[in-house]
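**Q** I have a structure here, written as structure tokens, and I will follow up with some questions on it.
The values are calculated or read from the model by the stated rules, or taken from the named source; none is laboratory data. Just so it is clear, the structure is predicted and the values come from calculations on it, not from any experiment. All Cβ positions, even for glycine, are placed from backbone atoms using ideal geometry, and neighbour counts span all protein chains on display.
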Amino acid sequence: MILTEDQLQGLLDKSLAELPRGAGWAVVLEGSIAEGFGNPSSDIDFLLIGRAEEDLPTMPSLLFVDGRRVEIRTRSVRQIAEQFRALQEGAKRPGRLSEDLLNRCQRLLHSHPLRGHGLVDEVKAMLPVERFARIAADWWAHRARQSLRHARALLCLGETDEAVDWSRAGLVQTIKSWAAGQGETYLEPKWLSMQLDRADRPDVRDRYWELEAAAPAPGDADAARAHLTACLAFAEDLGLTGVSWRPDRLTVGRVAGVTTWQTGERVHIIRGRREVFALGDHAGTVWRSLVPGRPLTEVLAAAEHTGVADPGPLLAAFLRYGLIRLAWKGGGTVTPSLPLAAPPGPITPPPSTAQPLLSVRGAAVSGPDGIDLVPLPAHRFAAATMALVWSNVVVENAIEDLTGALQRGQWRVAELTARRAVHAALRGLFSAYGVNPLPADSDLVRRIDLLPPATRPIRERAEELLRRTVDSAERGDGLLADLRSYVELVRGTAGADAFPSSFDSADTWRATLELGYDWLRIGAYLDAELPLEEARDLLASNGAQPHQAV
């Protein structure tokens, strides 16, 4: 060790003097210095072991003694026994074994006793170091398999640079598994060079460093393939199983809680009933080509036949976002992870900045390759889109009523109906920008300041129309013309310019029902509040009118 026994005892005495007095402790030195590594900047890690019945805190006390940082942790014998028990139970499924638990047990088993040697020997005897070494080796081997399989998949999808990074991760995890089998179980990879020197296998050590140094430059697919092949061969030579080169072992599978919803040409994916992704034209085409359960190579080939020029990165993005999963035949889901890093799992991209967010045909996207996270919780997305469609139905109905009122000279009816159309159009506008719940109709005009500055002309037009009065056919015709122009402006802004003229004919009403039904299905799936009670009948009839001749 880099510190003598006397130096350690002196640091311990000074550290304990800063803590409240308590029962006698057994004390060990943990961490890199206890392992024979370390340097002048390394922490001093003391673990105090007692027979207390209560749970002792996990968080360390941090002290500064003689220019060194000292961390003091406490654990009871019972807590240590529970840790070792949990470790051995978790070892049955290495993929789920906690890195933190593994690390705590490793540090204790390889610690250097300073006081209370008898108690230290007692707790260490609960888990033989040979058994722990096997657990650690299996844990690293599991991660090496996942990383190397993931690298193989990324290489297939054309994500060369990312594949190289995971090849290197798998290489580190492979050698750490081998080293653990030699008794070198310290988890932190930064001391790997010293661990390999101590393992006294220069052939293995030198080959590892050769492969590490041979990682290819960015963008070189052939070199990346050759490097991964060499890493796989090295892993197999060290006894790692389940990492054959056969690409047909990698398959694409469904992910629980991921559902697909299409409105018009737009494909939406709902993840876990919480998040909505909107796909651009290319991304949607590739998504629709997916057939779960097929080998990744076949899935990629099918995507390439859709006409999308380079579908590999899109498939990789689906995988990255947890919208599909990668599996190894006979080996479960591929879940790569890195030690001492963020936990594995799907990532969530920044929310889309497209404005407005929604249209009657689907959420806005950044481009044809877009896989955009809608910046609304899924239930608000559903509620806003249903409100967008329904508000436009109300606009159509109000314009029809206004036309009839003008034909009969019902000027007061015409004024109120026009105001209803103005407010309904604004409800659609607010919904397109994701505002839900909506402001009251009487407050809509004032609340346009919630929306981007580009909507300010709509406010001026709405205020003017809400003040209009009708007392003649001429003024009525002017109101109708201006209202239609206003509705066209709002719909153009809100992405509803293709909304059918609902009440013109049976065909346009059928188109309206079909459009509404698409959004109602999403709303019902997410338990969102429906815009009106009659919508339940539309759902029950699968988008058709409830009373139809058979």
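**Q** Are any residues in the stretch 441-482 among the basic types (Lys, Arg) and surrounded by 11 or more Cβ atoms within 10 Å (Cβ to Cβ), and if so, which ones? Working first, answer last.
**A** The first filter runs over the stretch 441-482 and keeps only residues among the basic types (Lys, Arg), leaving 446-447, 456, 459, 461, 467-468, 475.
Result: Arg446, Arg447, Arg456, Arg459, Arg461, Arg468, Arg475.
**Q** Then there is this: For Pro343, state whether it is without any contact (Cβ under 8 Å) to a residue 40 or more places away in the chain, assigned by TED's automatic domain parsing to the domain that holds Leu319, assigned to a loop (DSSP other than H, G, I, E, B) and over 17 Å from Phe430 (Cα atoms). Explain how you work it out, then say what you get.
**A** Numbers: without any contact (Cβ under 8 Å) to a residue 40 or more places away in the chain: yes; assigned by TED's automatic domain parsing to the domain that holds Leu319: yes; assigned to a loop (DSSP other than H, G, I, E, B): yes; over 17 Å from Phe430 (Cα atoms): yes.
Yes: the conditions hold for Pro343.
**Q** May I pose another question? Every residue in the stretch 166-214 that is crowded, with 16+ Cβ neighbours inside 10 Å and within 19 Å of Arg152 (Cα to Cα), please.
**A** Hits for the stretch 166-214 are Trp166, Ser167, Arg168, Ala169, Gly170, Leu171, Val172, Gln173, Thr174, Ile175, Leu211.
**Q** Mind checking which residues of the stretch 131-147 are within 20 Å of Tyr208 (Cα to Cα) and touching a Pro at 6+ places or on another chain (Cβ under 9 Å)?
**A** Applying the first criterion (within 20 Å of Tyr208 (Cα to Cα)) to the stretch 131-147 yields 136-147.
Those that are within 20 Å of Tyr208 (Cα to Cα) and touching a Pro at 6+ places or on another chain (Cβ under 9 Å): Asp138, Trp139, Trp140, Ala141, His142, Arg143, Gln146, Ser147.
**Q** Let me ask something else. Quick check on this structure: which one of Ala199, Ala214, Ala235 is out of contact with any strand residue (DSSP E or B) (no Cβ under 8 Å at 6 or more places or on another chain) and at pLDDT 95 or above? Let's see the steps before the verdict.
**A** Values: Ala199 fails: at pLDDT 95 or above; Ala214 fails: at pLDDT 95 or above.
Result: Ala235 is the single residue among Ala199, Ala214, Ala235 that is out of contact with any strand residue (DSSP E or B) (no Cβ under 8 Å at 6 or more places or on another chain) and at pLDDT 95 or above.
**Q** While we're on this one: Considering only helices (runs of 4 or more DSSP H) fully contained in the stretch 432-550, which possess at least 3 residues that are at pLDDT below 65? Talk me through it step by step, then tell me what you get.
**A** On the way: elements: 456-467, 473-494, 506-525, 535-540.
Output list reads 506-525, 535-540.
**Q** I'm trying to understand the selection: among the residues of the stretch 215-237, which are under 13 Å from Gly170 (Cα atoms), surrounded by fewer than 18 Cβ atoms within 10 Å (Cβ to Cβ) and touching a helix residue (DSSP H, G or I) at 6+ places or on another chain (Cβ under 7 Å)? Before the answer, list the steps.
**A** At the first step, the residues of the stretch 215-237 found to be under 13 Å from Gly170 (Cα atoms) are 215, 227-236.
Checking the rest, the ones that are also surrounded by fewer than 18 Cβ atoms within 10 Å (Cβ to Cβ) come to 215, 229-230, 233, 236.
Ala215, Ala230, listed by residue number.
**Q** Now for a separate question. Exactly one condition in (1) out of contact with any Pro (no Cβ under 9 Å at 6 or more places or on another chain); (2) at pLDDT 90 or above; (3) on the phi < 0 side of the Ramachandran plot is false for Val27; which is it?
**A** (1)
**Q** Sticking with this structure for a sec: May I ask you to list the residues in the stretch 242-266 that are within 19 Å of the chain's Cα centre (by Cα) and free of Cβ contacts under 8 Å to residues at least 60 places away in the same chain?
**A** Ala256, Gly257, Thr260 - these are the residues of the stretch 242-266 that are within 19 Å of the chain's Cα centre (by Cα) and free of Cβ contacts under 8 Å to residues at least 60 places away in the same chain.
**Q** A further question on this structure: Out of curiosity, is His423 assigned to a helix (DSSP H, G or I) and more than 21 Å from Gly362 (Cβ to Cβ)? Before you say what the answer is, go through the steps one by one.
**A** Values: assigned to a helix (DSSP H, G or I): yes; more than 21 Å from Gly362 (Cβ to Cβ): yes.
Criteria met by His423.
**Q** Looking at the stretch 290-313, is at least one residue closer than 30 Å to Arg380 by Cβ, small (Gly, Ala, Ser) and modelled with pLDDT of 95 or more?
**A** no
The rows are residues; the columns are (1) in the same structural domain as Pro94 (by TED's automatic domain parsing); (2) under 29 Å from Gln173 (Cα atoms); (3) touching a helix residue (DSSP H, G or I) at 6+ places or on another chain (Cβ under 9 Å).
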position: Thr297; (1), (2), (3): no, yes, yes
position: Ala303; (1), (2), (3): no, no, yes
position: Thr306; (1), (2), (3): no, no, yes
position: Pro311; (1), (2), (3): no, no, yes
position: Leu319; (1), (2), (3): no, yes, yes
position: Gly322; (1), (2), (3): no, yes, no
position: Ser337; (1), (2), (3): no, yes, yes
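**Q** At least 1 residues that are free of Cβ contacts under 8 Å to residues at least 24 places away in the same chain in each: list the strands (runs of 3 or more DSSP E) lying fully within the stretch 39-113 that qualify. Show your work before the answer.
**A** Numbers: elements: 44-50, 61-65, 68-76.
In the stretch 39-113, 61-65 are the strands (runs of 3 or more DSSP E) which contain 1 or more residues that are free of Cβ contacts under 8 Å to residues at least 24 places away in the same chain.
**Q** Might you check whether a residue that is within 29 Å of Ser111 (Cα to Cα) and of a type in the set (Ser, Thr, Tyr) occurs anywhere in the stretch 192-199?
**A** Of the residues in the stretch 192-199, the ones within 29 Å of Ser111 (Cα to Cα) are 192-199.
Those still in the list that are of a type in the set (Ser, Thr, Tyr) too: 193.
There is at least one residue in the stretch 192-199 that is within 29 Å of Ser111 (Cα to Cα) and of a type in the set (Ser, Thr, Tyr).
**Q** Let me ask something else about it. Of all residues in the stretch 117-169, which are outside any helix (DSSP H, G or I), in contact (Cβ under 8 Å) with a residue 24 or more places away in the chain and either within 18 Å of Tyr186 (Cβ to Cβ) or among the charged types (D, E, K, R) (or both)?
**A** Restricting attention to the stretch 117-169, the residues satisfying the condition of being outside any helix (DSSP H, G or I) are 125-128, 157-159.
Restricting the remaining residues to those that are in contact (Cβ under 8 Å) with a residue 24 or more places away in the chain gives 126-127, 157-159.
Residues satisfying the conditions are Leu127, Glu159.
**Q** Given the condition farther than 30 Å from Ile324 by Cβ, not small (Gly, Ala, Ser) and not in a helix (DSSP H, G or I), answer yes or no: does some residue in the stretch 198-217 qualify?
**A** Within the stretch 198-217, one or more residues are farther than 30 Å from Ile324 by Cβ, not small (Gly, Ala, Ser) and not in a helix (DSSP H, G or I).
**Q** Among the residues of the stretch 354-373, are any hydrophobic (A, V, I, L, M, F, W, C), free of Cβ contacts under 8 Å to residues at least 24 places away in the same chain and not in a strand (DSSP E or B)?
**A** Looking only at the stretch 354-373, we keep the residues that are hydrophobic (A, V, I, L, M, F, W, C), and these are 354, 357-358, 360, 363-365, 371, 373.
With free of Cβ contacts under 8 Å to residues at least 24 places away in the same chain added as a condition, the list becomes 354.
Retained after the next criterion (residues that are not in a strand (DSSP E or B)): 354.
Scanning the stretch 354-373 turns up at least one residue that is hydrophobic (A, V, I, L, M, F, W, C), free of Cβ contacts under 8 Å to residues at least 24 places away in the same chain and not in a strand (DSSP E or B).
**Q** Quick check on this structure: which one of Ser15, Ser76 is under 19 Å from Leu102 (Cα atoms), of a type outside the set (Phe, Trp, Tyr) and either crowded, with 20+ Cβ neighbours inside 10 Å or in contact with a Lys or Arg (Cβ under 9 Å, 6 or more places away or on another chain) (or both)? Quick ask: steps written out before the conclusion?
**A** Details: Ser15 fails: under 19 Å from Leu102 (Cα atoms).
None of the other options fit; the residue is Ser76.
**Q** Now, a different point. Go through the stretch 174-207 and report how many residues are at positive phi and touching a Gly at 6+ places or on another chain (Cβ under 8 Å).
**A** Kept after step one, since they are at positive phi, are these residues of the stretch 174-207: 183, 200.
Now drop any that are not touching a Gly at 6+ places or on another chain (Cβ under 8 Å), which leaves none.
Residues meeting the conditions: 0.
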